[in-house]
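What follows is a short report on a single structure.
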Amino acid sequence: MAVVQDVHGHHDHHPSGIMRWVTTTNHKDIGTMYLWFSFAMFLVGGFLAMGIRAELFMPGIQILEPELFNSFTTLHGLIMVFGAIMPAFVGLANWQVPLMIGAPDMAFARMNNWSFWLLPVAGMLLVSSFFVPGGAAAGGWTFYPPLSAQGGMGVDMMIFAVHILGASSIMGAINIITTILNMRAPGMTLMKMPMFVWTWLITAYLLVLVMPVLAGTVTMLLTDRHFGTSFFNAAGGGDPVLFQHIFWFFGHPEVYIMILPAFGIVSEIIPTFSRKPLFGYSSMVYATASIAILSCIVWAHHMFTVGMPTVGQLFFMYATMLIAVPTGVKVFNWTATMWRGSMTFETPMLFAIGFIFLFVIGGFSGVICAIVPIDIQVQDTYYVIAHFHYVLVSGALFAIFGAVYYWLPKWCGRMYDVKLANMHFWLSMIFFNVAFFVQHFLGLAGMPRRIPDYSLQFADFNMISSIGAFGFGLTQLFFLYIVIKCIRGGEKAADRPWEGGNTLEWTLPSPAPYHTFETPPVIK
Amino acid sequence: MWGEYMSSKSVMTLLGSATLALYSSMAFSLDETSKYFHPQPQSVIAQETYDQHILALWICLAIFIVVFGVMFYSILKHRKSTGYKAANFHHSTVVEIIWTAIPLLILIAMAFPATKTVVAMKDTSEPDITIKATGYQWMWGYDYLQGEGEGISFFSKLSTPVAQVKGTEAKGENYLLEVDNNVVVPVGKKIRVITTANDVLHAWWVPAFGVKQDAIPGFIRDTWFTANKPGVYRGQCVELCGKDHGYMPIVVEVMEADKYTQWVADKKKASAAVVNTAAVGN
Amino acid sequence: MSQGTGHYYVPAPSKWPIVGSSALFFLGFGAAFTMNKIPAGYYMLGIGFAILIYMLFGWFGDVARESEAGKYGKVEDKSFRWGMSWFIFSEVMFFAAFFGALYYMRVLTVPELADAEHDLLWPSFTGGWPTAGPGITEKFTPMGAWGLPAFNTFLLLSSGVTVTLAHWALKENRRPALKMWLLATIVLGFTFLACQIYEYSHAYADLNLKLTSGAYGSTFYMLTGFHGFHVTLGAIMLTVIYFRCAAGHFKPEHHFGFEGVAWYWHFVDVVWLGLFIFVYLV
Ligand code: HEA
Ligand code: HEA
Ligand code: CUA
Ligand SMILES: [Cu+2]
């Protein structure tokens, strides 16, 4: 299919230098900025994680006083979730969604720029809160009141950062929904869309559904803190548990917001390197939608120890366990896609397989958490920390790495250094497991989360975990090196660097020109 | 070793089996006294929880072996480098129904015993002794509200010296898990624990009994346990409650009935003495 | 795809987003400073609002110019419709959080605080709604439904009718009628706001009903307050649309700017109905 490039477009005269990036309305520029911002935030969040792991290297207090430790934990969670993982997915959507559906750009190109440029403001609020009197928020990334009513100005800065991040996410989500619904190339019916586009469509719905609720919660927290309202205060007829319900009504869908696009990425990579179409495309779509719908009715599984009525416990337990069914369908479909394919194992494929392998472990520990009696045992312990790092780091993050290696040749027209990239995968795989696998046992043996210091029986496993974490951290600096090396002087990449790549973006030249699909391609 | 498109069979197999071994080690570390696993269950609920966890682990391990057995077989056999040509099938309603139904059945099997335990856990009626545990930043307050020992009331604070935390002194055996006043209960009696808090959220947890209950300021919550064996059981506050969240342990001492009676008598005498001196002081 | 050029309209690089972000930079830091009594905060808030207003004028000015220059075809128009619908949906969810809080406190929390179990903590609390909760002793009188609030309901419902009449007039290109009905809508909107301000001052002065009046005060003011804030925004938007109409903007078959605002106005209307029923009536 020949793609005619209109290089004399009316909006081709864009400013150069820094102003190009500040004022741009181009989805590729904006996608690039999202990805770099996300990586910068990943380093900040990772730095905080290194602080946590260094303090936990041995029992006793060595480098972080307890209050600062709590701030590290809190900001690590917030920055990783809102600063690293979510923007990375939005960046990927910005780059890929228009390319994959044959659209010239995002539906609201100017607003798209704003969605991005709100992020640095929120990032500044979060990071600079470490340096204000009273220090950064220290109530956990879930900022449960009344504890979060206690902190100083850092808590307010976090609240406003969350407002701004929410605004950014909502605008980004509306943009993605509109682009997908309204700007597909002729012939690209919904059921012909690549899986990555589908998963993002559903994710975007989840975002508009729950981000405003988060904004509402933090607003209540703010007025409780400063204007004397009693939403979360028993003396005034409010309830701290109310906060938890509203927070998790947002928070649980939020974790699927961080995994559905990852499912999409893996569903692109696996067929490409298996040289075989995705098995069960339509059941993949329905499974994604079911996961999204179910995710809205399971939130209280984070609250099994608050003392809900029996029926509540049981309802949320059953609903949560049900999510394993559509997720299982996805895992089985991926396996069936690989079955009798003609597989090769380039870096994206390695990350995709690593994703499936470790995500399933994380999913299993999730199901174990869903079983109320067991959760009552492991709630707020390192078992939960292990669970969600398996789904977030070896889930979301691995998928993002896979996506970067998969599309990097298209983005910058050059191939990454294959040897180094594969090494990045193997080192990540090994160190990740060293860092987090042992945390399951720490949790089962009774180590609570969010503590700066622990009793002696946990010492050896914490040390192992810390060593793995340091190794994992250093490995990610290596990733930075690989990406820069690729941009600077990688080998020239072919337009279709992957033999099995069948989606629209591979019909374009590499690197993808500044403007693409100004005249929509026609899908047979 | 990091050859181009590093995918030699041996590395894949090695890694696959290594991780599998690691994962299954979880199911095999059933040695009941392992310090890396659940503490030994000391109540009916804890035992049921423990058994359900082991069951869930075996189920997960089995699913894991089936799924990744198939996947790794495919990875080994269906690769381009061995000249394997790709098939072109892309859906099958029958298998999709099968692999939706089977997990559903497995989940029902797991949910069934859990449901029974949940119902039992929530039944706090007719306790022998009721103790109120109040979370403070950062210690626990205990009030014996009903049953033998009614009226006893004391605070329970971390007793590990700061020097051990700072590392200027060697850490003792029960570092961070020791308090000045243990909660004392008789063996084999149903103890209802009422939790509440004075300032922020806390949570009262003793792993060996399988109880964990958040303590919420302004609200009352409850849970219960019946200890199987005399001994000293340790737990910690498990809801982030600020600076010293890591430093408010819970220690429950379970005694034979007669020893417990003795303890109650001693405690009452001691508090009477305190009241007397206070009166004299006035 | 789109009519005319065959291209989807992608705006040229624009400074407005970064201007908007700098506004939020000042607003975010300024608000945090102000709430913590750091004087610089007020200046920052001032600067932030000034930049924000500049940005809104500039940005929407660009959009209006582009629209009048005929740059938006059918496809762009549809994009705006999707965009506005999902924006309004997100607003609905924002209010849902507050309605949810009201429901939860009223139906679950307050009765719970008054139950037998909680006598331990709040011995004299009897529950019921409206309430300031068990720990706030200051008395207040709740807001009745049938005075001003009912009148306000009437005002907003009528404004929903007038804005629809304006829309019909626009579609039939009856410009004087369009302007008249639009003006009527704006007047109704601002009258509503005036009544609400009066209602608030009455509540503070005569009923002793404050933001600090526990559960009732919190939900009453936050729900009606956020609604009032949205009415203000809507009324300002209507005013802008009025001036655009006066300047000859919008065509019978191409006027999404008008429709978007009308949708928003209806949304504000519906939220009010919810408020009237759940905050004032029951
Ligand atoms: C990407 C993020 C992500 C994802 C995808 C998940 C997925 C799941 N999570 Fe997780 N979770 C988190 C992120 C995530 N979680 C976070 C961040 C927290 C902690 C927040 C905090 O407190 O700070 C948390 C906490 C958390 C808890 C609360 C724990 C506690 O605090 O006590 C629970 C409890 O039910 C839970 C359950 C689940 C379940 C059942 C799934 C399921 O979706 C998993 C489904 C997948 C599988 C099951 C594997 C594949 C399936 C098969 C191969 C089919 C066959 C399987 C069976 C029949 C079992 N999660
Ligand atoms: C969303 C994604 C996400 C990601 C990617 C991560 C990544 C990591 N997390 Fe994360 N974590 C969370 C989300 C995430 N986490 C959340 C939500 C919480 C809960 C917070 C709460 O309880 O409130 C949490 C909590 C949490 C804890 C528990 C803290 C506590 O309870 O007190 C720990 C402890 O080990 C931990 C460790 C790590 C490590 C080692 C990494 C590593 O993967 C990070 C690796 C990356 C780098 C290290 C960056 C690159 C390197 C450098 C910057 C150079 C410096 C390097 C060296 C000095 C070696 N995390
Ligand atoms: Cu008390 Cu944590
Ligand atoms: Cu969840």
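Every number in this text was worked out from the coordinates using simple rules, so none of it is lab data. Here the structure is a predicted model, which means the values were calculated and not measured. Counting neighbours? That spans all protein chains shown, and the Cβs are built from the backbone with ideal geometry, glycine included.
General observations
- Just one of (1) out of contact with any strand residue (DSSP E or B) (no Cβ under 8 Å at 6 or more places or on another chain); (2) touching a residue at least 24 places away in the same chain (Cβ under 8 Å) fails for A:MET415. It is (1).
- Within the stretch A:123-148, the set of residues being assigned to a helix (DSSP H, G or I) and either within 8 Å of another protein chain (Cβ to nearest Cβ) or among the β-branched types (Val, Ile, Thr) (or both) comprises A:MET124, A:LEU125, A:VAL127, A:LEU147.
- Any hit, the stretch A:70-83, residues being at the interface with chain C (Cβ under 8 Å from one of its Cβ atoms) and either hydrophobic (A, V, I, L, M, F, W, C) or part of a helix (DSSP H, G or I) (or both): no
- Helices (runs of 4 or more DSSP H) lying entirely in the stretch A:376-470 (those with 1 or more residues that are away from ligand 2 (no atom under 13 Å from the Cβ)): A:398-412, A:418-444
- Search result, residues across the stretch A:444-476 that are within 16 Å of ligand 3 (Cβ to nearest atom) and more than 22 Å from the chain's Cα centre (by Cα): A:GLY446, A:MET447, A:PRO448, A:ILE451, A:PRO452, A:ASP453, A:TYR454, A:SER455
- Within the stretch A:443-491, the residues that satisfy the criterion of being surrounded by fewer than 19 Cβ atoms within 10 Å (Cβ to Cβ), within 30 Å of B:GLY172 (Cα to Cα) and within 14 Å of chain B (Cβ to nearest Cβ) are A:LEU456, A:ALA459, A:ASP460, A:MET463, A:ILE464.
- Tally of residues being away from ligand 3 (no atom under 14 Å from the Cβ), hydrophobic (A, V, I, L, M, F, W, C) and within 8 Å of another protein chain (Cβ to nearest Cβ) across the stretch B:178-219: 3
For every residue, the table says whether it meets (1) at the interface with another protein chain (Cβ under 8 Å from one of its Cβ atoms); (2) touching a strand residue (DSSP E or B) at 6+ places or on another chain (Cβ under 7 Å).
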site: A:PHE227; (1), (2): yes, no
site: A:PHE231; (1), (2): yes, no
site: A:ALA234; (1), (2): yes, yes
site: A:GLY238; (1), (2): yes, no
site: A:ILE246; (1), (2): yes, no
site: A:GLY251; (1), (2): no, no
site: A:ILE257; (1), (2): no, no
site: A:LEU260; (1), (2): no, no
site: A:PHE273; (1), (2): no, yes
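- Selection from the stretch A:290-315 of residues that are more than 24 Å from B:THR196 (Cα to Cα) and within 10 Å of ligand 4 (Cβ to nearest atom): A:SER295, A:VAL298
- Which listed residue, of C:ALA132, C:ALA145, is among the hydrophobic types (A, V, I, L, M, F, W, C), part of a loop (DSSP other than H, G, I, E, B) and at the interface with chain A (Cβ under 10 Å from one of its Cβ atoms): C:ALA132
- Members of the stretch C:173-195 found to be polar (S, T, N, Q) and under 14 Å from C:HIS255 (Cβ atoms), listed by number: C:ASN173
- Members of the stretch C:122-147 found to be hydrophobic (A, V, I, L, M, F, W, C) and surrounded by fewer than 17 Cβ atoms within 10 Å (Cβ to Cβ), listed by number: C:TRP129, C:ALA145, C:TRP146
- Boolean, A:ILE297 is within 13 Å of ligand 1 (Cβ to nearest atom), in a loop (DSSP other than H, G, I, E, B) and either more than 10 Å from chain B (Cβ to nearest Cβ) or buried (at least 23 other Cβ atoms within 10 Å of the Cβ) (or both): yes
- Residue satisfying condition, being closer than 17 Å to A:GLY443 by Cα and either more than 7 Å from chain B (Cβ to nearest Cβ) or part of a helix (DSSP H, G or I) (or both), within set A:PHE316, A:PHE304, A:PHE351: A:PHE304
- Inter-residue pairs, beta-carbon under 8 Å, first outside any helix (DSSP H, G or I) and in the stretch B:42-57, second among the charged types (D, E, K, R), 6+ apart: B:GLN42/B:LYS229
- Boolean, C:SER213 is in contact (Cβ under 8 Å) with a residue 40 or more places away in the chain, within 14 Å of chain A (Cβ to nearest Cβ) and closer than 24 Å to C:ALA101 by Cβ: yes
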